[in-house]
Amino acid sequence: MQKQKILIIGSGGREHAIGWKVSQSPRAGEIYFAPGNAGTTKIGTNIAIKATEIDKLIEFVKREKIDLTLALPDDPLALGIVDAFRTENLRIFGPTKSAAQLEYSKAFSKNFMKKHNLPTARFKVFTNFDEAIRYTDMETLPIVIKASGLALGKGVIIAQTRKEVHLALEDILVKKVFGEAGNEVVIEEFLTGPEISTHAFSDGINFSLFPTSQDHKKIGENDEGLNTGGMGTIAPLPFVSSELYEDIKNKIVAETLKGMESDGNIFEGILYPGLMLTTAGPKILEYNARFGDPETQTYMRLLETDLLDIVDACIDHKLSDVKVKWKDMSACTIILASGGYPGNYEKGKIISGIPEAEQMPNIVVFHAGTKMEEVEDSEHGRMENLVTNGGRVLGVSAIGENLSVALATAYEAVKKINFEGMYYRKDIGKKALEL
Ligand code: AMP
Ligand code: GLY
């Protein structure tokens, strides 16, 4: 069997989880991570190139004769890494720059949804502050104000008062606190209901929908406090009926990919719509054009099929030849974060207990903000410590026969891990079990 040399771009828990899964493929040869983290060094080789240094990545891929590249974060996709690789005849999985607009331009994605009659919040796009204010004056509160471009998850403001509307529009359009990401704003109707994540593998025409999942984006329990990259995920969701799942598949995912195709902008890669389940049915809050994080840490625990078979089939437009299978189990991930995240936090705290946690059945610990640090010790000489190196540090993932069992297992494993200031939410999956 021909082994493939693989490059995985990114440095988070998502990248560790994809590497973990890919490494189980009989076709996986050497795996490289750019730039990776301390966890990914157990699977492959980290190289010191950032996800956005596309020219350097191309040079590396040519030099090392990499067979397949997986570009996982949003920014290289928005920079057109897929187009750049294809121009050089290099094999890469992901959407083109034009197709990735579904994620990096909210103005593009909202106009796309309107054109193709996809269910989403009512909205208008503005570039001018006075016109935006005049529009919001006629609308009821709360109202949602979004910088159109990529803003590290901080570009969405739910304004409760006219004053907050004014401040948000001034920050984005006048003070440009999000830079060019705020050249346009999307102002939209406030929706309510449970929020869920869906993902689909797409070869442009055919697609395969993942089980549904749910992230927990707020830092605090009971969904209070600041937004984060995500503090924990569960899948599949016990409260999503098979009818609702079919609706999401047929009315949202299939229609989105059909719309992209008919616009001459076919979408290959991972389509990840974030949905709100309103009383009027599921509505699209946003599209992402990539694997979610921490969703992927949970999903990879459930995926049975060889990920390389699926990715290769997507690139070759043959996804209909592959049967994508998921374990008939539940999975969850609890994120262990640095104290202070998503605000300021300290780095370099020694992490202990991961081997003990991973000795438990059904547990895998994925790394995000971690690194190995060399220290001089008078007793032991030079030694290496595993230390914290980011806001989200580790993802403790578990599988179980149902969601309660998976969650109980994950929280047992969390108890074995420690670093100074370690913070995690104790209520991941709680609401889903109560719904
Ligand atoms: P987005 O980046 O568009 O997904 O927005 C970030 C978060 O803001 C979402 O996860 C929701 O919690 C919230 N949000 C976005 N749009 C709306 C909306 N129209 N109504 C209510 N909440 C929203
Ligand atoms: N889990 C949120 C994201 O990946 O955007």
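Things to note:
- Any hit, the stretch 242-257, residues being within 16 Å of ligand 2 (Cβ to nearest atom) and buried (at least 17 other Cβ atoms within 10 Å of the Cβ): no
- Checked against the criterion of being closer than 30 Å to Val387 by Cβ, part of a helix (DSSP H, G or I) and in contact with a strand residue (DSSP E or B) (Cβ under 6 Å, 6 or more places away or on another chain), the candidates Glu30, Glu15 yield just one match: Glu15.
- Of everything in the stretch 212-238 that is charged (D, E, K, R), surrounded by fewer than 22 Cβ atoms within 10 Å (Cβ to Cβ) and within 12 Å of ligand 1 (Cβ to nearest atom), the residue that is nearest to Tyr272 (Cα to Cα) is Lys217.
- Restricting the search to helices (runs of 4 or more DSSP H) fully inside the stretch 82-170 and requiring at least 3 residues that are within 16 Å of ligand 2 (Cβ to nearest atom) and basic (Lys, Arg) gives an empty result.
- The criterion of at least 1 residues that are among the acidic types (Asp, Glu) is met by the following strands (runs of 3 or more DSSP E) wholly inside the stretch 266-371: 268-278, 281-288.
Rundown of residues vs (1) of a type in the set (A, V, I, L, M, F, W, C); (2) without any contact (Cβ under 8 Å) to a residue 60 or more places away in the chain; (3) under 18 Å from Glu53 (Cα atoms), yes/no style:
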position	(1), (2), (3)
Asp83	no, yes, yes
Asn111	no, yes, no
Arg122	no, no, no
Asp130	no, yes, no
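- Condition met for Ala107 (under 30 Å from Ala280 (Cβ atoms) and of a type outside the set (Asp, Glu)): yes
- Inside the stretch 154-197, residues that are more than 27 Å from the chain's Cα centre (by Cα) and within 9 Å of ligand 1 (Cβ to nearest atom) make up a count of 0.
- Taking the criterion of being over 26 Å from Gly232 (Cβ atoms) and hydrophobic (A, V, I, L, M, F, W, C), the residues of the stretch 7-46 that qualify are Leu7, Ala28, Ile31, Ala34.
- Boolean, Lys146 is within 10 Å of ligand 1 (Cβ to nearest atom) and surrounded by 21 or more Cβ atoms within 10 Å (Cβ to Cβ): yes
A short reminder: the numbers here are calculations on the coordinates, not readings from a lab. It should be emphasised that the depicted structure is a prediction, and the values quoted were computed from it without experimental measurement. Note that each Cβ is placed from the backbone with ideal geometry, even for glycine, and that neighbours are counted across all protein chains shown.
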